[in-house]
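Undergrad: Before I ask anything, let me first share the structure, which is written out below as structure tokens.
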Amino acid sequence: MKITKVRARTFEWKGKTVPPQGNFCSNAMDLLYSPQETMKTFRFHGWTVVEIETDTGLVGYGNVALAPRIAKEIIDQYLSPLIMGQDPWDYEYLNQRMYRATHAWGRKGVGMAAISAVDIELWDLLGKSVDKPVFKLLGGRTKEKIPCYYSKLYRTDLNEMQKEAETYLKQGFKAFKMRFGYGPAHLQQGVTENLKSVEAVREVIGYDTDLMLECYMGWNLEYTKRMLPKLARFQPRWLEEPVIADDIDGYAELNAMNIVPISGGEHEFSLYGFKQLLDRKAVSVVQYDTNRVGGITMAHKINALCEAYSVPVVPHAGQMHNYHLTMSTLASPMSEYFPMFDVEVGNELFYYIFDGEPVAEDGFLQLRDDVPGLGLTLKTEYLDQFNIVE
Ligand SMILES: O=C(O)[C@H](O)[C@H](O)[C@@H](O)CO
Ligand SMILES: [Mg+2]
């Protein structure tokens with residue numbers, strides 16, 4: 001099998017979006033005095049889709065959401081020439097070729113995200129070429145079905161948050177992730193508001209459910225050290241990305257406090273990036289995203305590393321490219337799950353581009369044994385609501 005064509009297209013949403021609300025999620029910009037900008041970092045309204053054709057007539061799909069236009073340029077200019085004419089079954093060679101050829105500038109961030117998109121579609125092709133789902137090529141079915149957690153609960157009116165939690169509790173979810181709205185810049189009032197929101201959600205979901213807390217890099221070490229003892233009584237399963245991804249010492253210090261497990265990884269890249277997190281005991285839960293970290297080839301290696309370190313893997317975002325990794329390893333106990341909503345932050349955009357994503361039932365996801373590859377096709381229903389950049 002040889003690669004004969006590579007096509008990267010950026011889908012830019014121009015349809016209806018839910019306008020950003022103030023303080024709906026703490027984030028790395030909050031510490032800067034530019035409140036009107038803080039929401040802008042929160043728009044994943046574009047997605048680059050990579051389609052690769054082979055001389056055997058197969059088409060594989062990959063995807064990337066970080067800086068999608070830049071990722072497309074990287075794919076068009078640097079990665080496509082590296083894989084044209086190659087055999088997708090040489091995926092380790094091809095992943096190394098892309099990683100090493102762009103290493104001078106691409107070993108973190110959008111460089112790795114672009115490599116991830118190409119690698120994901122290689123595996124889609126592999127599965128299709130042997131009529132097997134990708135997870136069967138990675139280790140097979142380690143779970144009858146995948147437990148997943150409901151992920152949204154952005155900070156808004158507490159009654160609204162409670163109604164949202166109630167709705168999805170009734171749908172059978174047994175785990176929830178909520179977002180803090182405030183951080184160091186919001187002083188003690190922000191601390192109070194943060195604690196009130198956790199209390200409100202716990203009041204609805206009770207303590208027979210998992211609750212995870214998302215900071216999205218919006219706090220800092222000093223603020224988190226103050227918050228952790230106040231949060232302990234809510235028994236969170238983890239506190240996610242309290243500090244910026246580069247503050248690995250900060251992660252390690254917070255995790256060593258052993259008050260609330262610290263999670264992270266959605267903004268970390270490559271096998272070596274996760275080796276560093278694990279060696280320094282920076283996180284108690286690893287959360288790479290397969291469409292960022294280096295693709296399925298790289299994520300599969302990180303799964304093995306996490307198994308050896310006994311650190312669970314709960315990939316960022318759910319979505320099919322991650323579900324296959326979670327299904328195929330005991331190191332990954334569950335998936336994140338964004339239900340399909342009106343486009344807001346953009347995590348939900350995946351549903352407007354692809355068909356085939358599993359819908360959670362009673363807090364579980366299922367992957368089928370009889371659907372080859374990733375199991376995705378391009379959706380046509382919303383095409384007119386995208387500006388598509390060829
Ligand atoms: O963990 C997550 O789901 C991510 O951090 C979200 O994509 C981001 O929107 C913050 O909630
Ligand atoms: Mg997160």
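Undergrad: Expressed as cubic angstrom per residue, what is the convex hull volume of the alpha carbon set of the range 61-208? Each step should come with its number before you reach the end.
TA: Numbers: hull volume 25.4 nm³, N = 148.
Dividing the Cα hull volume of the range 61-208 by its residues yields 171 Å³.
Undergrad: To continue, here is another question. Using each residue's phi in the range 298-315, evaluate 6.51 cos²θ - 1.76 cosθ + 1.60 at θ = phi - 60° and report the 3J(HN,Hα) Karplus result to the nearest Hz, with x for Gly and Pro.
TA: Here the 3J(HN,Hα) series is 6, 5, 5, 5, 5, 4, 5, 4, 5, 4, 5, 8, 6, 10, x, 10, 10, x Hz.
Undergrad: Per DSSP H run of at least 4 residues, take -39500 (n - 2.57); add these up for the chain, divide by its residues and hand me the 222 nm value, nearest 500 deg cm²/dmol. Walk me through the intermediate numbers first.
TA: Values: 16 runs with 148 residues, N = 390.
Value at 222 nm, helices only: -11000 deg cm²/dmol.
Undergrad: Restricting things to alpha carbons, tell me how big the range 211-361 is in terms of Rg and Dmax, in Å.
TA: Here Rg and the maximum Cα pair distance are 15.3, 44 Å.
Undergrad: Where does each of 331-337, 380-386 land if you order them by average Cβ count within 10 Å, highest first? Show your work: numbers first, answer last.
TA: Values: 331-337: 22.9, 380-386: 12.1.
Final packing ranking: 331-337, 380-386.
Undergrad: Here is a further query. Share of the range 289-337's accessible area from carbon and sulfur, percent, 1.4 Å?
TA: Values: 640 of 1040 Å².
The nonpolar share, carbon plus sulfur, comes to 62 percent.
Undergrad: Which pairs, out of 108/301; 136/301; 132/174, put more than 19 Å between their alpha-carbon atoms?
TA: On the way: 108/301 17 Å; 136/301 16 Å; 132/174 31 Å.
Violating the 19 Å limit, Cα to Cα: 132/174.
Undergrad: Next question. How long are the semi-axes of the ellipsoid equivalent to the range 274-390, from square roots of 5 times the Cα gyration tensor eigenvalues, in whole Å, largest first?
TA: Numbers: eigenvalues 154, 50, 37 Å².
That gives 28, 16, 14 Å for the three semi-axes.
Undergrad: Full extension from residue 308 to residue 226: what is 0.36 nm times the residue separation minus their Cα-Cα distance, to one decimal in nm?
TA: Values: separation 82, 0.36 × 82 = 29.52 nm, distance 3.22 nm.
Net length gain for the segment: 26.3 nm.
Undergrad: If you count only protein heavy atoms with a 1.4 Å probe, what accessible area per residue comes out for the range 244-370, rounded to a whole Å²?
TA: Numbers: 4100 Å² over 127 residues.
On a per-residue basis, 32 Å².
Undergrad: What number results when the radius of gyration of the range 281-345, computed over Cα atoms, is divided by 2.2 N^0.38 Å? Numbers along the way, then the final one.
TA: Working: Rg = 12.0 Å, N = 65, 2.2 N^0.38 = 10.7 Å.
The range 281-345 yields a ratio of 1.11.
Undergrad: Take peptides 150-157, 191-198 and line them up by average Cβ neighbours within 10 Å, highest first, as a rough protection proxy.
TA: Numbers: 150-157: 20.5, 191-198: 17.5.
Ranking the peptides 150-157, 191-198 by packing returns 150-157, 191-198.
Undergrad: Another question, if that's okay. Which net charge results for the neighbourhood of residue 134, defined as the other residues with beta-carbon distances under 10 angstrom from its beta-carbon, given Lys and Arg at +1 and Asp and Glu at -1?
TA: Numbers: positive: 128, 132, 136; negative: 124.
That sum, taken over residues with Cβ under 10 Å, equals +2.
Undergrad: Could you check how much of the accessible area of the range 10-162 is carbon and sulfur, as a whole percent, using a 1.4 Å probe?
TA: Numbers: 3360 of 6410 Å².
Its accessible area is 52 percent carbon and sulfur atoms.
Undergrad: Let me ask another. How much of the calculated P(r) for the chain lies past 29 Å, in percent of all Cα pairs? Kindly include the intermediate steps, with their values, before the conclusion.
TA: On the way: 30322 of 75855 pairs.
Looking at the chain, the distances longer than 29 Å represent 40 percent of pairs.
Undergrad: What accessible area per residue, rounded to a whole number of Å², is obtained for the range 51-139 using a probe radius of 1.4 Å?
TA: That works out to 39 Å² per residue.
Undergrad: Out of residues 5 or more away from residue 240 or on other chains, whose amide H comes under 5 Å of its own, with H placed 1.01 Å from N in the peptide plane?
TA: Correct list: 213, 214, 215, 263.
The values are calculated or read from the model by the stated rules, or taken from the named source; none is laboratory data. Please read all numbers here as calculations on a predicted model, not as lab measurements. Neighbour counts are summed over all protein chains in view; Cβ atoms, including those assigned to glycine, are modelled from backbone coordinates with ideal geometry. Side chains included, ligands, DNA and RNA excluded: accessible areas come from the protein's heavy atoms. Shrake-Rupley method; radii C 1.70, N 1.55, O 1.52, S 1.80 Å.
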